[in-house]
Amino acid sequence: MIKFTLYTANCTGNLSNCLYPNKVVITDKESMIEAIKFDHVTAEFKNNYRSNANFIKADNLALDCDNDHSDDPKDWITSVDVATTFQGVPFVVAYSRNHMKQKGGKSPRPRFHVYFMTMAITDADEYANLKKGIASIFPYFDRNALDSARLLFGTHNAEVEFYDGN
């Protein structure tokens with residue numbers, strides 16, 4: 001059963017925002033779609049202020065797959081590839097706001113976030129190191145998005161997929 005916590009902002013697309021006051025427990029597609037309409041983070045922060053120094057805890061982590069490793073569509077990674085690599089691991093895929101859109105001079109391609117459930121983690125370095133470890137196993141995740149205070153932009157009309165595991 002999928003169950004983890006996201007913290008949302010009261011805005012969307014605002015890179016300079018650091019406040020994430022709204023706690024949302026994700027248990028199904030509907031709660032996920034509603035939460036990710038807003039910019040969000042995967043951790044709780046002191047005074048709801050996003051920064052590595054303010055990290056309190058997280059029960060999930062999100063990694064970003066932009067498929068920018070190749071311009072050949074046959075090389076692009078899908079959520080099924082993630083499920084095959086992490087068999088039995090519960091996670092949620094949410095397609096990003098730039099999914100199948102041209103971005104940064106790259107052609108339209110699958111772009112998505114993978115939210116892995118974790119046990120509660122209360123150390124920012126441990127959390128970041130876990131993200132780095134997963135990215136070393138699956139090098140298609142964005143290596144520039146592995147810190148403890150990473151934000152994810154909101155997505156209206158989001159597509160999400162749930163992958164159960166044990």
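The values are calculated or read from the model by the stated rules, or taken from the named source; none is laboratory data. Bear in mind the structure is a predicted one, so any value in this text is a computation, not a measurement. Heads up, the Cβs are rebuilt from the backbone with ideal geometry, glycines too, and the neighbour counts pull from every protein chain shown. Remember, those area values only see protein heavy atoms, side chains included, never the ligands or the DNA or RNA. Shrake-Rupley method; radii C 1.70, N 1.55, O 1.52, S 1.80 Å.
Helical content of the chain, expressed as a calculated mean residue ellipticity at 222 nm, amounts to -5000 deg cm²/dmol (DSSP H runs of 4 or more residues, -39,500 (n - 2.57) each, divided by residue number, nearest 500). With the charge dipole of the chain set up from +1 on Lys and Arg Cβ and -1 on Asp and Glu Cβ about the Cα centre, the Cα lying farthest toward the positive end among the listed residues Leu19, Val114, Asn129 is that of Leu19. Rounded to the nearest 0.05, the FRET efficiency derived from the C-beta distance between Lys103 and Asn166 at R0 = 35 Å is 0.50. Ranking Cys65, Cys18 by solvent-accessible area of protein heavy atoms (1.4 Å probe, all protein chains present), from largest to smallest, gives Cys18, Cys65.
Within the shell of other residues whose beta carbon sits under 14 angstrom from the beta carbon of Pro110, the net charge comes to -3, with Lys and Arg scored +1 and Asp and Glu -1. If you build a Gaussian network model of the chain, linking Cα atoms that sit under 10 Å apart, which residue out of Ala62, Ala53, Ala149 swings the most? Highest fluctuation among the options: Ala53. Placing dummy labels 7 Å off each Cα toward the beta-carbon, the span from Val80 to Thr118 is 3.0 nm.
Calculate the length of the line joining the C-alpha centroid of region 103-131 to that of region 65-96, in whole Å. When both Cα centres are located, 12 Å separates them. Against the main long axis of the alpha-carbon atoms of the chain, helix 124-137 sits at an angle near 10°. Projecting label points 7 angstrom from Cα along Cα→Cβ for Lys3 and Gln87 puts them 2.8 nm apart.
Using R0 = 30 Å, the C-beta based FRET efficiency linking Ala53 and Thr27 works out to 0.50.
Note on region 62-166: with charges restricted to the Cβ of Lys and Arg (+1) and Asp and Glu (-1), its dipole about the Cα centre is near 320 debye.
Using a probe of 1.4 Å, the accessible surface attributed to Val80 totals some 90 Å² when neighbouring protein chains are kept in position.
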